[in-house]
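Trainee: Submitted below is the structure of interest, expressed as structure tokens.
The values are calculated or read from the model by the stated rules, or taken from the named source; none is laboratory data. Keep in mind the model is a prediction, meaning the values are calculated, not measured. Counting neighbours? That spans all protein chains shown, and the Cβs are built from the backbone with ideal geometry, glycine included. Calculation scope for accessible area: heavy atoms of the full protein, side chains included, ligands and nucleic acids excluded. Shrake-Rupley method; radii C 1.70, N 1.55, O 1.52, S 1.80 Å.
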Amino acid sequence: MPARSGDQFLKGLRARNREIWLGDERVDDVTTHPQLEGAAHSLARVFDIQQEFADECLMPDPETGEAINVSHMIPRSVDDLKRRHRGLRRIAESTVGLMGRTPDYMNVTFAGFAGERTAWLGPEGKNEEGHDNLINYQKLIAREDLSLTHTIVHPTMDRVKDQSFATNPVPLHKVGETSNGIIVRGARILATLAPFADETAIYPGLPLPADAPSTYALSFALPMDTPGLIFLCRDSAATVGSNTFDHPLSSRFDEQDAYTIFDDVEVPYERIFINGDIDVYNSVMGPTAWWANIMQQTTIRALTKLEFAYGLALRMAEAVNDNSPGTIEMLGELSTYVEVTRSAILLSEEHAYDRGDGVVFPDGRPMHPMRAMLAVWYPRVREILMLIGSHNLLAAPSRAMLGDARLRPLIDEFMHGANGMEAERRAGIYRLAWDFIGSGLGSRNELYERNYLGSAKTTRTHHTMLYSDRDSATALVDSMLTKLPD
Ligand SMILES: Cc1cc2nc3c(=O)[nH]c(=O)nc-3n(C[C@H](O)[C@H](O)[C@H](O)COP(=O)(O)OP(=O)(O)OC[C@H]3O[C@@H](n4cnc5c(N)ncnc54)[C@H](O)[C@@H]3O)c2cc1C
């Protein structure tokens, strides 16, 4: 099947009888549920966009020639990466970067896995079967144009004991075997996009300790309606029954996050990518190049959101003619984050390299620091928007107030902006900003940016352990160390 339309995506969601829980109910149809339908239709729009902007978003499947989304590309040149960049940017703009896990996130992830053959083959090629399953699966999601959620993190129950896997029955693990596959039990976090996914993917986030039982070393993918798969959504951050003037973002872009429970779930053998092999599990998580590959998608998404935040700050300052030194400085801080992020993406693309087998991934060096930096910049971005917006964020009449015959002349008289800005435009700007930073979705989005690639603490630790170039730094020091005379 070639790349889908929005209607086909929504039909696919309705076709699967998944166990999605939200609030006090099991959701019957995610496309019509009041707290989910806004995001379902925004994601449908993402599928429509790929048809409308086919020259940017689609490419021919290398084997069948059918149109598939460009995010499934296994890049083979810098030009390929630039082509993919245009498609990813188009998708990110449709949600101004607010939906972090639009399907292109997992598409690029699996394209990276499929391009990173040696890692998934494992030491001495011992994971050939899992590797072949993964290659087939990557083709399947590209050709069926599936939407995936994923969980790569073990739940936190006890920070002291969680790493003692031998005595910890909570993390997802294998409990049995059938003629068709394996039985798994346990839990994982945190399945963003779960209500809007066709399939869920499980793969390693961090290495397992050497003494962990091999039953915890698993990677696979399953349809969302597989018996025993249960998704517990967090409380909705969607604004229900509203309009896009009052709540332009929270009425459309709550992508949801769900705790995932596997209640004795059968995973068919052909869907298993790692089956109880810690060496393979941990080697996949080494300093492999696919991290840099997915960072292209997610940093383009984050850049779009940073640019949106900067644009919001500019419009808020304009609305009240705020040229104060403090605001000018904060605007400069925002544009700094924007340009450093943009530079990291461009540099990683320009310095992309052939890994030796014709697959060209972005250079990871500018990308890995972004994992930690975006997590600490975003809370500051939110703070700057609050400081620039100030009380004006809370003095923005609703669409109904603006439409009221008695109120409207008073609002025009008393709530307009500077330099002739009309009250309606001013209200629209501040309502948009408040929905971005002050709504339930605004709070969730800060937690997202802090954690979605792992906490800043963990990503910085990773950088020290796996990615940093220590040699040139220590060589400088050594060059200045005076030798004692013999
Ligand atoms: C809004 C939101 C959306 C998210 N969406 C997704 C998603 O779609 N898919 C997904 O998989 N996750 C998702 N996450 C989860 C995210 O990956 C975790 O929240 C993140 O890793 C931070 O977890 P933590 O606070 O436990 O941080 P950390 O302290 O960084 O710990 C992360 C995990 O690593 C373990 N850990 C920490 N240090 C080590 C170490 N040295 N060695 C081995 N293990 C270690 C911890 O026990 C924990 O399980 C999301 C999180 C949020 C907040």
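Trainee: Just the Cα atoms of segment 290-477, one point each, no solvent: what log10 I(q)/I(0) does Debye give at q = 0.09, 0.10 Å⁻¹?
Mentor: -0.45, -0.53
Trainee: When all C-alpha to C-alpha distances in the chain are sorted into bins of 10 Å, what percent of pairs does each bin hold, rounded to whole numbers?
Mentor: 4, 18, 28, 26, 14, 6, 3, 0, 0, 0
Trainee: Over the chain, with every protein chain in place, what whole percent of the accessible area is carbon and sulfur at 1.4 Å, could you tell me?
Mentor: 54
Trainee: Additional query: Set the bar at 25 Å for Cα to Cα. Now go through Lys161/Lys457; Lys11/Lys139; Lys126/Lys457 and name every pair that lies beyond it.
Mentor: Lys126/Lys457
Trainee: Oh, and also: Mind checking the angle between helix 423-437 and the chain's longest principal axis? C-alpha axes, 0 to 90 degrees, to the nearest 10.
Mentor: It is inclined by approximately 30 degrees.
Trainee: Averaged per residue, what accessible area in Å² does the chain show with a 1.4 Å probe, protein chains only?
Mentor: About 43 Å² of surface per residue is accessible.
Trainee: What accessible surface, in Å², does a 1.4 Å probe find on Arg143, ignoring ligands, DNA and RNA and rounding to the nearest 10?
Mentor: 60
Trainee: With all protein chains present, calculate the accessible area of Thr482 using a 1.4 Å probe and round the result to the nearest 10 Å².
Mentor: Probe radius 1.4 Å; accessible area of Thr482 about 130 Å².
Trainee: Highest first, please rank the peptides 84-90, 154-160 by the mean number of other Cβ atoms sitting within 10 Å of their residues.
Mentor: My ranking of the peptides, most packed first, is 84-90, 154-160.
Trainee: Taking the alpha-carbon centroid of each part, what is the distance from segment 188-240 to segment 1-57 in angstrom?
Mentor: Segment 188-240 and segment 1-57 have Cα centres spaced 19 Å from each other.
Trainee: Kindly express, to the nearest 10 degrees and within the range 0 to 90, the angle between helix 78-94's C-alpha long axis and the longest C-alpha principal axis of the chain.
Mentor: 50
Trainee: If segment 379-482 were replaced by its equivalent ellipsoid, with semi-axes equal to the square roots of 5 times the Cα gyration tensor eigenvalues, what would those be, largest first, whole Å?
Mentor: 50, 17, 8
Trainee: Please give the peptides 472-481, 411-420 ranked by average Cβ packing (other Cβ atoms within 10 Å per residue), highest first, as a rough proxy for protection.
Mentor: On the way: 472-481: 8.2, 411-420: 13.5.
In decreasing order of mean packing, 472-481, 411-420 become 411-420, 472-481.
Trainee: May I pose another question? Taking the Cα atoms of segment 6-283, report the difference between the largest and smallest coordinate on each principal axis, in whole Å and largest first.
Mentor: On the principal axes, segment 6-283 reaches 55, 49, 35 Å in Cα extent.
Trainee: OK, next. How many percent of Cα pairs in segment 437-483 exceed 17 Å?
Mentor: 59
Trainee: I would also like to ask the following. Against the globular-protein guess of 2.2 N^0.38 Å, express the Cα radius of gyration of segment 62-147 as a ratio, rounded to two decimals.
Mentor: That ratio works out to 1.17.
Trainee: Might you work out the accessible area of His463 for me, using a 1.4 Å probe with all protein chains in place, and round it to the nearest 10 Å²?
Mentor: Accessible area, nearest 10 Å²: 60 Å².
Trainee: Compute the distance from the alpha-carbon center of segment 446-468 to that of segment 69-110, in whole Å.
Mentor: Result: 22 Å between the Cα centres.
Trainee: So, how do all the Cα-to-Cα distances of segment 306-386 break down into 10 Å bins, in percent, from 0 on up?
Mentor: 17, 38, 23, 14, 6, 1
Trainee: Farthest toward the dipole's positive end in the chain, which of Leu140, Leu387, Trp377, given Cβ charges of +1 (Lys, Arg) and -1 (Asp, Glu) about the Cα centre?
Mentor: Selected residue: Leu387.
Trainee: Next question, about the same structure. Per the Kirkwood formula on distinct C-alpha pairs, the Rh of segment 86-200 is how many angstrom?
Mentor: 16.6
Trainee: Same structure, new question: Convex hull over the alpha-carbon atoms of segment 368-419: what's its volume per residue in Å³?
Mentor: 117
Trainee: Given Cβ point charges of +1 (Lys, Arg) and -1 (Asp, Glu) and nothing else, what value in debye, to the nearest 20, does the dipole of segment 6-283 about its Cα centre take?
Mentor: The dipole magnitude comes to about 500 debye.
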